[in-house]
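Trainee: Pasting a structure here, questions to come.
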Amino acid sequence: MEEVTLFSGLLVIGLVILALALFLYFIPVRLWLTAFFSGVRLNLVRDLVGMRLRNVPPAVIVKPLITAHKAGILVDTAKLEAHYLAGGNVQKVVNALISADKANIDLTFERATAIDLAGRDVFEAVQVSV
């Protein structure tokens with residue numbers, strides 16, 4: 001009887017640890033907190049879990065989103081995800097948008113992503129034109 005109780009107790013502990021690991025994988029709480037305290041408002045389930053389900057690493061989108069927000073550049077999360085899924089470099093696009101904004105160069109998000117997807121380094125292209 002004692003062995004069954006011990007086994008069921010260990011089983012419950014194992015299941016709780018597994019559930020916690022899955023929860024923390026699908027909902028990156030630390031990343032959400034970083035975004036929240038940076039002023040970027042993300043929905044835990046819709047945005048972060050959705051990114052995981054769409055095979056988009058949340059950090060690849062959220063970190064450039066925070067950078068853009070801190071620089072005063074408005075960028076849509078869905079557009080960043082779409083650019084990533086198309087094979088683009090999200091961080092370089094955001095850096096190029098910030099650099100272009102500081103140099104008073106009219107560079108739209110669509111143009112920056114087109115340059116990036118064409119195979120050119122969009123950040124370097126902005127730096128050369130400055």
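The values are calculated or read from the model by the stated rules, or taken from the named source; none is laboratory data. Keep in mind the model is a prediction, meaning the values are calculated, not measured. Note that each Cβ is placed from the backbone with ideal geometry, even for glycine, and that neighbours are counted across all protein chains shown. Just the protein is used for accessible areas: all its heavy atoms, side chains included, with ligands, DNA and RNA removed. Shrake-Rupley method; radii C 1.70, N 1.55, O 1.52, S 1.80 Å.
Trainee: Which pairs turn up if I take residues in segment 39-66 that are of a type in the set (Gly, Ala, Ser) and open to solvent by 20 Å² or more (accessible area, probe 1.4 Å) and look for partners that are at pLDDT below 90 and in a loop (DSSP other than H, G, I, E, B) with beta carbon separation below 8 Å, at least 6 apart in sequence or on another chain?
Mentor: Final answer for the pair search is Ala59/Pro28.
Trainee: Which one is nearest to Leu85 (Cα to Cα) among residues in segment 30-51 that are assigned to a loop (DSSP other than H, G, I, E, B) and of a type in the set (A, V, I, L, M, F, W, C)?
Mentor: As a first pass, look at segment 30-51 and keep what is assigned to a loop (DSSP other than H, G, I, E, B): 39-43.
This time we only want the ones that are of a type in the set (A, V, I, L, M, F, W, C), so: 40, 42.
On the way: Val40: 22, Leu42: 19 Å.
The qualifying residue nearest to Leu85 (Cα to Cα) is Leu42.
Trainee: A follow-up question, please. Yes or no: segment 15-25 includes at least one residue that is surrounded by fewer than 17 Cβ atoms within 10 Å (Cβ to Cβ) and touching a residue at least 24 places away in the same chain (Cβ under 8 Å).
Mentor: Taking segment 15-25 and keeping what is surrounded by fewer than 17 Cβ atoms within 10 Å (Cβ to Cβ), we get 15-25.
From what is left, the residues that are touching a residue at least 24 places away in the same chain (Cβ under 8 Å) are 25.
Within segment 15-25, one or more residues are surrounded by fewer than 17 Cβ atoms within 10 Å (Cβ to Cβ) and touching a residue at least 24 places away in the same chain (Cβ under 8 Å).
Trainee: Across segment 75-130, what is the number of residues that are hydroxyl-bearing (Ser, Thr, Tyr), surrounded by 14 or more Cβ atoms within 10 Å (Cβ to Cβ) and outside any helix (DSSP H, G or I)? Before the answer, list the steps.
Mentor: Just the residues of segment 75-130 that are hydroxyl-bearing (Ser, Thr, Tyr), to begin with: 77, 84, 99, 108, 113, 129.
If we keep only those that are surrounded by 14 or more Cβ atoms within 10 Å (Cβ to Cβ) as well, we get 77, 84, 99, 113.
Right, trim to outside any helix (DSSP H, G or I) and you get none.
Qualifying residue count, segment 75-130: 0.
Trainee: Those residues that are closer than 20 Å to Lys92 by Cβ and of a type in the set (Gly, Ala, Ser), I need them from segment 39-69; list them, please. Please lay out each step first, then the result.
Mentor: From segment 39-69, those closer than 20 Å to Lys92 by Cβ are 40, 51, 56-69; that's our starting set.
Scanning segment 39-69 gives Ala59, Ala68.
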